[in-house]
Amino acid sequence: MSGQVVLEGVTKRFGAAVAVDNLSLTVDDEELFVLLGPSGCGKSTVLRLIAGLDEPTEGTISIGGNRVDGVDAKDRDIAMVFQSYALYPHMTVRRNVEFPLRARGTSSQERDLLVTRAAAALDLGALLERKPGQLSGGERQRVALARAIVRQPVAFLMDEPLSNLDAKLRVQTRAELVALHRRLAATIVYVTHDQVEAMTMGQRLAVLDRGVLQQVGAPQAVYDRPANLFVARFIGSPPMNTLAGAVTGDGDAGGLAVRLAGPADGSDGLSGAMVPLGPSQAALVRAAGLPTVVVGVRPEDLLLDAAGTVTATVAVIESLGHERHVVCRLADGTLWTALVSAGGPCPAVAETVRLRARPDALHLFDPLTGSRLDDRRG
């Protein structure tokens, strides 16, 4: 049976609060699909709607081509994995894993076979007679996963399943989940606020903000071409540097540039910094006819360069071993971050530096709507 999940015009209200707003989304059969967004954006509510733990106020939900809104959760043939593991502490691992099979009335012989397979898939064979209190966090999460896959559902719903693990275990379990998805060839809808999880695990991801879908696409495509300012500022660690400025004709060779905002009183002598636009970006600005735009530049595309056109002061230097994040304060107080390799030269805190953005790597946004200029319609 297909595990395709389709939401059409789904809205969920809790009183006057709109948790999910007119969401239309298709998760393909056998896809690992990530719902990404900050806390309170509605992603867990979407998962609960698919699971049948909540019902939509408006719209329809289908699983495997069958409409399921209004169908009891137990009849939707899905399995859910929670952040909290939700294991029975008085039961052994074996009893926890086989619990949904017992509830279904599965025979003892078939239960043993299915539990053995699930345990083997998650390397739990040696732990079947232990109780959850005797397991590490990573082992307990694998037990929760085994309990989900033992049912062989058409789709898995996972609600931040790795958030209780330490950094090392998250990396390990993340890789195990991706490998498990390949082995099972199953549909997985995975909720997280962690960008690294979303970028490394998802075949596609959907970014939500305040219940509204912002963008859907392959992780790298969303990173490379964020549809709006929210996505640009949310995707990426460090996030994209952004700042509004006035469009001017003072660019190199008579081209266009964006004059960045300085302090309100213009007193520090640093106002008037300009970011030159490349030919394609200049064409976009001319076509949009906007007097001001928001310039965006990824930290890896912002260079420390004595010939740079933006003056700033180094506020913080964060060393990550393989690279350093040089956080610079611009004239108006905005912080921009540049990435510097660990082996290269690095300025000191409080030093005045000049910054240069790669012209071909600039992102431009409408300051009123927040939309990406080359994605504007009409």
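Some observations on this one:
- Above 21 Å, the calculated P(r) of region 241-375 contains 40 percent of its Cα-Cα pairs.
- Residues Lys168, Lys12, arranged from fewest to most other Cβ atoms within 10 angstrom of their Cβ, appear as Lys168, Lys12.
- Exposure proxy ranking, count of Cβ atoms within 10 Å, fewest first, for Ser2, Ser108: Ser108, Ser2
- Between region 145-172 and region 201-231, the alpha-carbon center distance in angstrom: 22
- 222 nm mean residue ellipticity, helices alone, for the chain (DSSP H n ≥ 4; -39,500 (n - 2.57); rounded to 500): -7500 deg cm²/dmol
- Rounded to the nearest 10 degrees, the inclination of helix 167-184 to the longest alpha-carbon principal axis of the chain is 60 degrees.
- Take every DSSP beta bridge whose two residues both sit in region 5-234; close to 50 percent of them are antiparallel.
- Length gained on full extension, Ala221 to Asn66: 52.7 nm, using 0.36 nm per residue less the C-alpha separation.
- Length added when fully stretched, Gln109-Leu169, from 0.36 nm per residue minus Cα-Cα: 18.2 nm
- Spin-label model, Glu300/Arg102: points 7 Å from Cα along the beta carbon direction are separated by 5.0 nm.
- The chain: angle of helix 93-104 to the longest principal axis, Cα-based, in degrees nearest 10: 70
- Charge dipole of region 5-234 about the Cα centre (unit charges at C-beta), most positive-ward option of Met199, Ala103, Leu127: Leu127
- Whether region 206-245 is rounded, prolate or oblate, judged on the alpha carbon gyration tensor where a/c under 1.5 counts as rounded: oblate
- Between Asp28 and Ile317, the modelled label-to-label distance comes to 4.6 nm, taking each label 7 Å out from Cα in the direction of the beta carbon.
- Ratio of the Cα radius of gyration of the chain to 2.2 N^0.38 Å, where N counts its residues: 1.19
- Folded to 0 to 90 degrees: helix 279-288 orientation relative to the chain principal axis, Cα: 90
- Centroid-to-centroid separation of region 323-364 and region 66-83 [C-alpha atoms, Å]: 48
- Panel order for Cys328, Cys41, Cys346, by other beta carbons found within 10 Å of each beta carbon, from fewest to most: Cys346, Cys41, Cys328.
- At an R0 of 35 angstrom, the distance between the Cβ atoms of Ala244 and Ala350 translates into a FRET efficiency of 0.85.
Taken together, the values in this text are just the output of simple stated rules run on the coordinates, not laboratory data. Computed from a prediction, not measured in an experiment: that's the story for all the values here. No Cβ is skipped: glycine too gets one built from the backbone with ideal geometry, and neighbour counts run over all protein chains shown.
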